[in-house]
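S.K.: First the structure, which I've put down as structure tokens, then a few questions once you've had a look.
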Amino acid sequence: MPLLRLEGLRKTFRGRVALDGLSLRVEEGEVFGLLGPNGAGKSTAFQLLAGLLKADTGRVYLEGRQVGLDDAALRSRMGVVFQRGSLDEHLTARENLMLGARLYAVPHAQAKVRVEEMLGWMGFSDRADERVAGWSGGMRRRLELARALVHGPRILLLDEPTQGLDEASFRSFWKHLGQLRAAGGLTVLLTSHRADEAALCTRLAVLDKGKLVACDTPDALVSRVGGDIVTVEASAPEEVAAGLSEVLGVSAEVVEGRVVVEAGSGHALIPRLVEAFPAGRLASVSLRRPTLADVFLKLTGHALGADQPAEPPATRRRR
Amino acid sequence: MARGSMDVATVRVLAARDVTRFFRQPSRVIGALAQPILFWLVIGSGFQGSFRLPGAEGLGYMQYFFPGVVTMVLLFSAIFATITVIEDRKEGFLQCVLAGPGSRLSVVVGKALGASAIALLQASLFLLFAPLAGVTASSLSLPLLLSVMALTALALTAVGVSLAWWVQSSAGYHAVMSLLLIPMWVLSGAMFPVRGAGPVLQALMYVNPMRFAVEGMRRALYGDAVAASVGGAASALVEVGALGLFAVVFFALATVSVSRRP
């Protein structure tokens, strides 16, 4: 039985469909990623799961039992980290964690123990009595993670958890997630538009324009692309793409000003490709293994980094 | 765990947080006390010489105005305490409460109780000046005063939460305040009695729920005889009942607001 099952979750904003019947099964212990560009519907899915929005239609099952998204059983088993910070700036790190624990009715003595554990785990013990207003983005994000976990949830819900973090903070954040997973008992559900972050998930749901287009492990998704990715930079990419399919019979697409070719063997293609064009036409040719960004491109026809029409923010008034 | 205990936890956390934050901003504590004193002294002594209420000749304006200023303290501190709803939304903190296990009603109650505690604290400090306004131990009814103040604070903070939930910025909230809440206070009988006003104003004052706060406080501070000579509700029961209804209606409205908008 899946820990969490979504059935036909749908949400519209003034007639515009933001999420079009999302159905998913999340198994216990997974790190499940919702992958898609901005506007694909993953933020809407997150806000529904976080209890900030109400779904138009759809059902949610927790361990096989149907629950409302605002059901206390679901809410109390979930810890949530928001993309936009949600700490209380006027309170200290310790007070923020204590507040998080008490909000979920953790008894006072137990909450104190948990708070100290979390502070120690994140390496904040000696800064616990500082107000968080002056803290860096990476530290705050880790404190948000600690607050989301302080009541001992079974499901951790993260919205773009590493958005805006530098490389060191990104690694530190995922190191802590890895330790949690190793300890067992926690299922992680996160949204991301980063291919490198998606690769760290156990399973991925790929969203595009509010619809689920694929759901599989990162390896299985990457193997759908097959072979190598050859990228060509040229001053006239459209001509080069046309020439490639004409002369070499391979299909080429222009993505963000570069010619991208999916080839069974890149090594065999590149010499022929270089000889097919006169000197000076190609600025650079590169070869790499496919990534989840390529998978996304293949599944949807557009790049993961590109923005789709923005969803209205959660703070907008609904009618 | 049961929803009930989660709701209690949410109420406690939110109320305690607002009180903690209030004491971390000393300017709020001082401003809340200094402003009504200044208001009472300046306006009160300004009108003192020219104010004569037929049927209540013994009542000076400083005395007449005093319950109105107590109501103003409750109103202003309720407003400033519920502005934190807008700040909490802007700073993102509100998200973690709404994603939490407490119901929407518990969020409203937590916010309103925290704000009411702050409002009552400020009003109590101002009430230390009551002897200067001619309140005596024999004229004072403490149980009535406390019930009127508590119900007024709860009703006004519920009004504040309902409004603040829909307003995007604290500037917008100030506009609502000066267009709606301040006129409500002026027309509550705080500054001038219903009897002397024109027919239109009289009608407005008659249906204004805030008048029951002022009238109830006047009765509690100066006794039934003074309350009757100024005019207004017939008994303490009417005043307390009306304020209770006022509070219940706005709690319901606040809860509807909070469940309708994320």
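The values are calculated or read from the model by the stated rules, or taken from the named source; none is laboratory data. Quick caveat: nothing in here was measured; it's all calculated off a predicted structure. Cβ atoms come from the backbone with ideal geometry, glycine included; neighbour counts cover every protein chain shown. For accessibility, only protein heavy atoms count, side chains too; no ligands or nucleic acids. Shrake-Rupley method; radii C 1.70, N 1.55, O 1.52, S 1.80 Å.
S.K.: Kindly establish whether A:Ser43 is facing chain B (nearest Cβ under 10 Å) and at pLDDT below 95. Write out each step before concluding.
M.R.: Values: facing chain B (nearest Cβ under 10 Å): no; at pLDDT below 95: yes.
Against the criterion (facing chain B (nearest Cβ under 10 Å) and at pLDDT below 95), A:Ser43 does not qualify.
S.K.: Going by the conditions given, is A:Ser86 crowded, with 23+ Cβ neighbours inside 10 Å, in contact with a Pro (Cβ under 7 Å, 6 or more places away or on another chain), within 28 Å of B:Gly4 (Cβ to Cβ) and of a type in the set (S, T, N, Q)?
M.R.: Details: crowded, with 23+ Cβ neighbours inside 10 Å: yes; in contact with a Pro (Cβ under 7 Å, 6 or more places away or on another chain): no; within 28 Å of B:Gly4 (Cβ to Cβ): yes; of a type in the set (S, T, N, Q): yes.
Taking the combined requirement at face value, the residue does not satisfy it.
S.K.: Additional query: Could you check, for the stretch B:75-98, whether at least one of its residues is within 14 Å of another protein chain (Cβ to nearest Cβ), aromatic (Phe, Trp, Tyr) and under 29 Å from A:His90 (Cα atoms)?
M.R.: yes
S.K.: Can you name the residue in the stretch A:1-40 that is within 15 Å of A:Leu62 (Cβ to Cβ) and of a type in the set (A, V, I, L, M) and is also modelled with the lowest pLDDT among such residues?
M.R.: Here the answer is A:Met1.
S.K.: Residue under question is A:Glu63, and the condition is that it be surrounded by fewer than 24 Cβ atoms within 10 Å (Cβ to Cβ) and either under 17 Å from the mean Cα position of the chain (by Cα) or more than 11 Å from every other protein chain (Cβ to nearest Cβ) (or both); does it hold? Explain how you work it out, then say what you get.
M.R.: On the way: surrounded by fewer than 24 Cβ atoms within 10 Å (Cβ to Cβ): yes; either under 17 Å from the mean Cα position of the chain (by Cα) or more than 11 Å from every other protein chain (Cβ to nearest Cβ) (or both): yes.
Answer is yes for this residue.
S.K.: Now a separate question. Just checking, does the stretch B:44-56 include any residue being loosely packed, with under 14 Cβ neighbours inside 10 Å, among the hydroxyl-bearing types (Ser, Thr, Tyr) and within 24 Å of the chain's Cα centre (by Cα)? Working first, answer last.
M.R.: Residues of the stretch B:44-56 that are loosely packed, with under 14 Cβ neighbours inside 10 Å, as a first pass: B:45-46, B:49-50, B:52, B:54-55.
If we keep only those that are among the hydroxyl-bearing types (Ser, Thr, Tyr) as well, we get B:45, B:50.
Cutting the leftovers down to within 24 Å of the chain's Cα centre (by Cα) gives us B:45.
Within the stretch B:44-56, one or more residues are loosely packed, with under 14 Cβ neighbours inside 10 Å, among the hydroxyl-bearing types (Ser, Thr, Tyr) and within 24 Å of the chain's Cα centre (by Cα).
S.K.: Read through the list (1) within 14 Å of another protein chain (Cβ to nearest Cβ); (2) over 17 Å from the mean Cα position of the chain (by Cα), then give the number of the only condition that B:Arg28 fails.
M.R.: (2)
S.K.: Can you find a residue in the stretch B:200-213 that is touching a residue at least 40 places away in the same chain (Cβ under 8 Å), on the phi > 0 side of the Ramachandran plot and not in a helix (DSSP H, G or I)?
M.R.: No, the conditions are met nowhere in the stretch B:200-213.
S.K.: If you check every pair at least six apart or on different chains, which have Cβ atoms under 7 Å apart with a residue in the stretch A:144-172 that is basic (Lys, Arg) first and a residue that is open to solvent by less than 10 Å² (accessible area, probe 1.4 Å) second?
M.R.: That search, which allows pairs on different chains as well, returns A:Arg147/A:Asn96; A:Arg147/A:Leu97; A:Arg147/A:Gly100; A:Arg154/A:Thr187.
S.K.: Shifting gears a bit: Considering only the stretch B:232-249, state which residues are open to solvent by 10 Å² or more (accessible area, probe 1.4 Å), of a type outside the set (A, V, I, L, M, F, W, C) and touching a Gly at 6+ places or on another chain (Cβ under 8 Å).
M.R.: Within the stretch B:232-249, just B:Gly232 meets the criteria.
S.K.: Related question: Quick one: count up the residues across the stretch A:257-304 that are in a helix (DSSP H, G or I), in contact (Cβ under 8 Å) with a residue 12 or more places away in the chain and of a type in the set (Gly, Ala, Ser).
M.R.: Of the stretch A:257-304, the ones in a helix (DSSP H, G or I) are A:266-276, A:292-300.
Still in the running and in contact (Cβ under 8 Å) with a residue 12 or more places away in the chain: A:266-267, A:269-270, A:272-273, A:276, A:292-300.
Filter again for of a type in the set (Gly, Ala, Ser), leaving A:266, A:276, A:293.
So the count comes out to 3.
S.K.: Would you confirm, using the coordinates I've provided, whether A:Gly185 is in the same structural domain as A:Glu63 (by TED's automatic domain parsing) and exposed (fewer than 15 other Cβ atoms within 10 Å of the Cβ)?
M.R.: On the way: in the same structural domain as A:Glu63 (by TED's automatic domain parsing): yes; exposed (fewer than 15 other Cβ atoms within 10 Å of the Cβ): yes.
The answer is yes for A:Gly185.
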